[in-house]
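The next block holds one structure in the form of structure tokens; read it before the comments.
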Amino acid sequence: MLSITGMSVCYDGLPAVDRVSLDVGDGEIVALVGESGCGKTSLARALLGLLPGSAEVTGSAMLGDDDLARRTDWAGVRGRKIAIVPQGAMTGLSPVHKVGAQIEEMLTLHGGRARPGELLDRVGLGAEHLTCHPHELSGGQRQRVAIALALAGEPSLLVADEPTTGLDAIVQRQVLALLASLGIGMLIVSHDLAALAPHADRVAVMYAGRLAEDRPKGAPPRHPYTLGLLTATPATDRSIPWGSVPGSAPPLGQARPGCRFAPRCPLALDPCHDVDPPLVDGLACHHPGAPVYPVVPRSTPSAGTAAATLTGIRHTYRRRGVQALKGVDLEVRSGEIVGLVGESGSGKSTLARIALGLIKPTAGRVVVDGEELTGRTGKALRLLQRRIGFVHQDPYDSLHPGMRVGALVAEPLVVAGTPGDREEKVLAALEAAGLPCEREFLRRFPGQLSGGQRQRVSIARALAGEPVLLIADEATSMLDVSTRAGIATTLRSLASGRGLAVVFVTHDLGEAVQACDRIVVLRSGEIVEHGPAADLAAAPAHPYTQELLK
Amino acid sequence: MRRILEYGAVVVIALLLNFLLPRALPGGPMKLFGSPEALSRLTEAERAQIAQQYGFGRPLPEQFADYLTGVFTLDLGTSLSDGRPVAEAIGEALPWTLLLVGTSIVITCVLGVALGVLGALRRRRGGGAGLLGTAIVLDSLPAFWLGMLLIVVFGVQLNVLPTYGAGTLAHLVLPVTTLVVTGLGYFFLYTRSSMLTVLTSEPVQHAHARGVPYGRLVRRHALRPALLPVHTIVLMEIGFLAGGSIVIETVFAYPGLGRLTFGAISARDYPLMQGAFLVLTLMVVAMNAIADATYPLLDPRARQ
């Protein structure tokens, strides 16, 4: 039904999508998988003419006898023949119109015959939601509304761009199951290979603008990059190791000749660096095989002293009247990594902020390194806070873009007034965080680094103050899948090497199972289950944990 | 309920300032009672007697208590300069000001918002750049200068329009024009930037991706969210202007609140100043209250 042939998308002459050919059959679900910057979103948006004016599309994309790559007038096509559930659809609904009116608009515009209630029913929502405004719905419900809007025009092809990003794990599964059940031709664009694979009839993997692999459901993955993506997805089974693909994808226009993946591929041989492998039999690779990727080392239980103890923590956000924490106890010992797992609204971020002394708990005590943190203010609080390192979720916003790496990492030393040679300490911190221990690196700006490198700079900055406790708040969630395990490996080496106590906050139970010694599962401000990672993964006691582990 | 208390607190603090600020000005109302030479011949006792008689010689807390009682019993006292009740003076001036300000704010608002939307939609074309440049120039024009220019051209040289006073429609033309021209830029720039933000926001981009045609996209998806902040600034602007435009009313000798306030300040006429400030305070607070109360009607997210 949709046949893409040799399609390229160039921005100012630099190819983001490079000669990609891909078919979507009638009623077929094709997953287009890749990491950020691989060109998957450019390809998807080119199909609907949604690229900015600076983009140039070549090749063809035949939908029936209509070449989408040449189209300039999209009336009667967009929303009617081909519809999209855009990226971040949850925040893309009109805030001032009711759900019913928004669906009505789509039906009128695109000549849909269904009634609004029927459409909502099709996406698994009751007709009572027609009179709601989007802000009254949960993220998952809004995603369903966005899908209903796309279905209104009865398109023959649906493009879903990252339809699960930003949703909780359980809701993600529900949304994917919904999409798979619709029975229309679909191109689902996502970074999450493991989640999509069971639902897709075919999986196409993109890397640096090129199609690496295109295989039907059930066929074994063969491309080293695909295998890398799979090992980089943390399994909830501890017997399956969690690996990472070292390095990062080339920035736009800086891909070298030959196989794009060769610089990161453990199997690459000479021809890989010179000759671009053509897509033959659904695979673009000179040397398919099973590459060995570095994996997160298994931990040995430690018996250090308590680095931080939180007792009876309660917190109520008084303005909103939300009880975020309802009596939580947590102890972190030196040398161990404790996973704090929960979905959005579970209170995990509030708990992390309380441990950092950023907010005062309504009740309860926080003891860090043997000294009480709660009740301290001003300078006394700041002195104790220096013993806690913090790595923020967003490596793009948490580093000042105008400061060089050297200055960023040295900041805790400057703040503490540490005398002596700071550069040596900075270099040591960089090395501990897995970054090049070079003077040249100190002069770089965050803008010149990849996401993984930035997050490592953030870790190095936290380490420079020589903390006893490190709090990593969703430190991997904004990174590319292939580099996440690398961060976890670094945290592990810090825990076992320096006896650092680490709190690893995450919404992904798989990551916690793989990276942590002990796991604490939070839900609605209460601990529903806690215990050693191996036990919890093997035999979850609470139904909620079981649901997360599915 | 909480809102009402907050507004109450604002009014009380404003009342206190309205009372204190006039008295903090250098000089005093004594100069109303004669030339400096005549005043200098008065003895201390005579001065004190005058001050006592007209109420400005007593201790401040006592005066403030009187003032508060006056405000709540709607007795604003008597003007020191001409002996008229303050309420009467304000009552005469207020309708003129409301006429002037009302007319100009309606025109400014409609023109400014319409051009602002247009400026945002045409931002990449010549017309948009021209509008933007003109708006910035207009926004930085001093009102008194433009007013005097208009008087010279239309009143003196062409002699087609009255240049002072009020009474007929023709009297309104020049002051309204001045207010509109100098106020237009603000509304234009505000609307334009708000519209630009909304046009690139996710809801509008996504509606575009769903195949909503351009005209409908602008009218139905962009306009209302873009006008939400404009609604607030329009109401606040009305509040400020309702206190009278001191500069415009003085330049055109227009018998409104602005000129009354100007006269009261020059003469250190405490009761009249307090009265004029009271009107301004109440207008600003009332307009804020209206903005607060009507905003949820436009934005469902602000509803409880």
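The values are calculated or read from the model by the stated rules, or taken from the named source; none is laboratory data. All values reported here derive from a predicted model rather than from experimental measurement. Using ideal geometry, Cβ is built from the backbone for each residue, glycine included, and neighbour counts are taken over all protein chains shown. Just the protein is used for accessible areas: all its heavy atoms, side chains included, with ligands, DNA and RNA removed. Shrake-Rupley method; radii C 1.70, N 1.55, O 1.52, S 1.80 Å.
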**Asked** Just to be sure, is residue B:218 over 30 Å from residue B:170 (Cα atoms), assigned to a loop (DSSP other than H, G, I, E, B) and aliphatic (A, V, I, L, M)?
**Response** no
**Request:** Scan A:410, A:416 and give me the residue that is farther than 28 Å from residue A:35 by Cα, loosely packed, with under 15 Cβ neighbours inside 10 Å, touching a Lys or Arg at 6+ places or on another chain (Cβ under 7 Å) and touching a residue at least 24 places away in the same chain (Cβ under 8 Å).
**Result:** A:416
**Prompt:** Scanning for something in contact with a strand residue (DSSP E or B) (Cβ under 9 Å, 6 or more places away or on another chain), at pLDDT below 95 and surrounded by fewer than 16 Cβ atoms within 10 Å (Cβ to Cβ), does region A:44-53 turn up at least one residue?
**Reply:** yes
**Request:** Check region B:59-73 and report whether any residue there is farther than 30 Å from residue B:227 by Cα and not in a helix (DSSP H, G or I).
**Result:** yes
**Fill in**
Residues of region A:468-480 being in contact with an Asp or Glu (Cβ under 9 Å, 6 or more places away or on another chain) and crowded, with 24+ Cβ neighbours inside 10 Å, in sequence order, are A:476
**Filtered residue count, region A:60-81, keeping only those that are buried (at least 19 other Cβ atoms within 10 Å of the Cβ), outside any loop (DSSP other than H, G, I, E, B) and away from chain B (no Cβ under 13 Å)** = 2
**Complete:** A careful count of residues in region A:110-143 that are among the charged types (D, E, K, R) and open to solvent by less than 20 Å² (accessible area, probe 1.4 Å) gives 0
**Message:** Among the residues that make up region B:279-287, is at least one of them closer than 27 Å to residue B:28 by Cα and either open to solvent by less than 40 Å² (accessible area, probe 1.4 Å) or in contact with a Lys or Arg (Cβ under 9 Å, 6 or more places away or on another chain) (or both)?
**Reply:** yes
**Prompt:** Where residues in region B:234-246 are more than 16 Å from residue B:302 (Cβ to Cβ) and of a type outside the set (Gly, Ala, Ser), which of them is farthest from the chain's Cα centre (by Cα)?
**Reply:** B:234
**Request:** Could you tell me whether residue A:124 is within 14 Å of another protein chain (Cβ to nearest Cβ) and not in a helix (DSSP H, G or I)?
**Result:** no
**Request:** Considering only residues that are under 21 Å from the mean Cα position of the chain (by Cα) and part of a loop (DSSP other than H, G, I, E, B), look in region A:204-237 and name the one that is nearest to residue A:21 (Cα to Cα).
**Result:** A:209
**Message:** Going through A:192, A:214, A:201 one at a time, which residue ends up being crowded, with 20+ Cβ neighbours inside 10 Å, closer than 30 Å to residue A:287 by Cα and away from every other protein chain (no Cβ under 14 Å)?
**Reply:** A:214
**Prompt:** Which one is nearest to the chain's Cα centre (by Cα) among residues in region B:288-304 that are open to solvent by 30 Å² or more (accessible area, probe 1.4 Å) and in contact (Cβ under 8 Å) with a residue 60 or more places away in the chain?
**Reply:** B:288
**Message:** For region B:250-269: of the residues being of a type in the set (A, V, I, L, M) and not in a helix (DSSP H, G or I), which is surrounded by the fewest Cβ atoms within 10 Å (Cβ to Cβ)?
**Reply:** B:253
**Message:** Just the residues that are in contact (Cβ under 8 Å) with a residue 40 or more places away in the chain and away from chain B (no Cβ under 12 Å), please, taken from region A:82-113.
**Reply:** A:113
**Qualifying residue in region B:225-243 (condition: modelled with pLDDT of 90 or more, open to solvent by 40 Å² or more (accessible area, probe 1.4 Å) and within 12 Å of chain A (Cβ to nearest Cβ))** = yes
**Message:** All but one of (1) open to solvent by less than 30 Å² (accessible area, probe 1.4 Å); (2) under 21 Å from the mean Cα position of the chain (by Cα); (3) within 14 Å of chain B (Cβ to nearest Cβ) hold for residue A:38; state the number of the condition that does not hold.
**Reply:** (3)
**Item:** Residue list for region A:305-364, filter: β-branched (Val, Ile, Thr), more than 29 Å from the chain's Cα centre (by Cα) and open to solvent by 60 Å² or more (accessible area, probe 1.4 Å)
**Value:** A:305, A:311, A:362
**Prompt:** Among B:100, B:115, which is crowded, with 16+ Cβ neighbours inside 10 Å, closer than 22 Å to residue B:185 by Cα, in contact (Cβ under 8 Å) with a residue 12 or more places away in the chain and more than 22 Å from the chain's Cα centre (by Cα)?
**Reply:** B:115
**Item:** Condition broken by residue B:201, with the remaining ones in (1) more than 10 Å from chain A (Cβ to nearest Cβ); (2) of a type in the set (S, T, N, Q); (3) open to solvent by less than 40 Å² (accessible area, probe 1.4 Å) satisfied
**Value:** (1)
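Yes/no matrix, rows are residues, columns are (1) within 30 Å of residue A:44 (Cβ to Cβ); (2) under 26 Å from the mean Cα position of the chain (by Cα); (3) not in a loop (DSSP other than H, G, I, E, B):
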position: B:165; (1), (2), (3): no, yes, no
position: B:180; (1), (2), (3): no, yes, yes
position: B:184; (1), (2), (3): no, yes, yes
position: B:188; (1), (2), (3): no, yes, yes
position: B:208; (1), (2), (3): yes, no, yes
**Fill in**
Requiring at least 1 residues that are free of Cβ contacts under 8 Å to residues at least 40 places away in the same chain and charged (D, E, K, R), the strands (runs of 3 or more DSSP E) wholly within region A:301-398 are A:322-333
